[in-house]
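Everything below concerns the one structure shown next.
The values are calculated or read from the model by the stated rules, or taken from the named source; none is laboratory data. Quick caveat, the model's predicted, so the values are computed rather than measured. Here the Cβ positions follow ideal geometry from the backbone for every residue, glycine too, while neighbour counts run over all protein chains shown.
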Amino acid sequence: MTSQLIDSFGRVHTNLRISVTDRCNIRCFYCMPETDVQFMDRKDLLSFEEIERFVKVAVGLGIEKIRLTGGEPLVRQQLHELIRKLSHIPGIREIGLTTNGLLLGDQAEDLFQAGLRRINISLDALTAEKFKQITRRDGFDKVLQGIEAAQQAGFDPIKINAVSIKGLTEDEIVPFGQFARKTGIEIRFIEFMPLDADNAWEREKVLFAQEIIDKLTAEIMPLVPIENQDRRAPATEFAFSDGVGRISFIASVSQPFCLSCNRFRITADGKLRNCLFSLEEIDIKSLIRDGADDAAIAESIRRSISEKKEGHEINTARFIQPSRPMYSIGG
Ligand code: SAM
Ligand code: SF4
């Protein structure tokens, strides 16, 4: 019988996010520093076999859904081989990938063949200039090609993740609304969170979900909530009132969803984190490399979940930004 990972607030954990690298081929300002990035030593990255073993233990504790992320997961060589291994683990119901899309043109087909179906592609702007301003690199056209390659390969669902930043992405809202209507791809606006390497986040820089809803309503048409949504999922989903085009929001700052959180994460260097904003980690890599048995790994996962705090406290004076920025945690 599978046991469950239940924390002290009664939250049942069924989702695991796995970071496969902290390296990236662009430098989004809300995530990475512009220069002098300190990357993990490659020998410290969990191997595909180590990740597979960890996932098998986690499945025994009730994990059903996994998402691969990073850094940029597609810069990890042969990522499709990991997907193939994971997709054969009995008990895994869903595997997703979050990518910046730059390498998707080359890899979409292999990823699909390996069993991946769900893909989120991050794109914050629909012009090359704004893309470069945010990512500090060229590559806008390559991301568009990546989205097309994902459509052609047959991925379903494909979602676009767009971080929303005050004073920067307001002009992207309506074009993204139209993009959702034209392509059938869901646009998922994510409120800018305090996980940037530069430590420059301020609440005033967050473009809130409600402001986006108001703008789309005024300039395109009202949004209506999708019925029967999974209340434990972080995103709230809407459709335009004529039924054409889906828009969703991860309103981590303005409407924290901590009380229904069902996820935990493992970093590329094998540290278990029970929250994006955790200040503590459990070192699974050392356990694995020191020869721990599955029961000891399971016990560490249970301990991590039992120590999970009620919420992230971004909106309080008590909030402390984790020392790991987003690229090194795995978003
Ligand atoms: N490199 C891949 C990508 O960009 O899709 C995967 C890793 S990235 C850390 C995962 C997601 O986190 C992306 O959608 C990215 O836009 C988002 N993200 C990164 N930093 C963020 C921040 N400070 N606030 C909100 N979202 C952030
Ligand atoms: Fe790279 Fe993703 Fe971070 Fe952007 S958000 S710098 S693409 S890891």
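Quick rundown of the values:
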read-out: Filter result (free of Cβ contacts under 8 Å to residues at least 40 places away in the same chain and touching a strand residue (DSSP E or B) at 6+ places or on another chain (Cβ under 7 Å)) within segment 93-114; value: Arg93, Glu94, Ile95, Gly96, Leu97
read-out: Criterion violated by Ser248 - all others in (1) within 20 Å of the chain's Cα centre (by Cα); (2) in a loop (DSSP other than H, G, I, E, B); (3) under 27 Å from Gly71 (Cβ atoms) satisfied; value: (2)
read-out: Failed item, numbered, when Arg303 is tested on (1) at pLDDT 95 or above; (2) out of contact with any Leu (no Cβ under 6 Å at 6 or more places or on another chain); (3) within 16 Å of ligand 1 (Cβ to nearest atom); value: (3)
read-out: In segment 57-79, the residues that are near ligand 2 (Cβ under 10 Å from one of its atoms) and surrounded by fewer than 20 Cβ atoms within 10 Å (Cβ to Cβ); value: Val75
read-out: Output for segment 72-92, where each listed residue is in contact (Cβ under 8 Å) with a residue 40 or more places away in the chain and on the phi < 0 side of the Ramachandran plot; value: Glu72, Pro73, Val75, Arg76, Leu79, Leu82
read-out: Test: Ser300 is buried (at least 20 other Cβ atoms within 10 Å of the Cβ), assigned to a helix (DSSP H, G or I) and not β-branched (Val, Ile, Thr); value: no
read-out: Single residue of Ala298, Ala268 found to be of a type outside the set (S, T, N, Q) and out of contact with any Ser or Thr (no Cβ under 8 Å at 6 or more places or on another chain); value: Ala298
read-out: So Ser3, is it among the small types (Gly, Ala, Ser) and within 15 Å of ligand 2 (Cβ to nearest atom); value: no
read-out: Some residue of segment 266-282 being part of a loop (DSSP other than H, G, I, E, B), within 18 Å of the chain's Cα centre (by Cα), small (Gly, Ala, Ser) and at positive phi; value: yes
read-out: Top-ranked residue of segment 195-209 - restricted to ones that are closer than 30 Å to Val12 by Cβ and touching a strand residue (DSSP E or B) at 6+ places or on another chain (Cβ under 9 Å), ranked as surrounded by the most Cβ atoms within 10 Å (Cβ to Cβ); value: Ala209
read-out: Enumeration of residues in segment 7-49 that are surrounded by fewer than 16 Cβ atoms within 10 Å (Cβ to Cβ) and away from ligand 2 (no atom under 16 Å from the Cβ); value: Ser8, Phe9, Gly10, Val12, Asp41, Arg42, Lys43, Asp44, Ser47, Glu49
read-out: Residue pairs meeting the criteria (Cβ under 6 Å; at least 6 apart or on separate chains; first closer than 18 Å to Gly139 by Cβ, in segment 23-41; second near ligand 2 (Cβ under 7 Å from one of its atoms) and of a type in the set (Ser, Thr, Tyr)); value: Cys24/Tyr327; Ile26/Thr135; Cys28/Thr135; Cys31/Tyr327; Met32/Tyr327
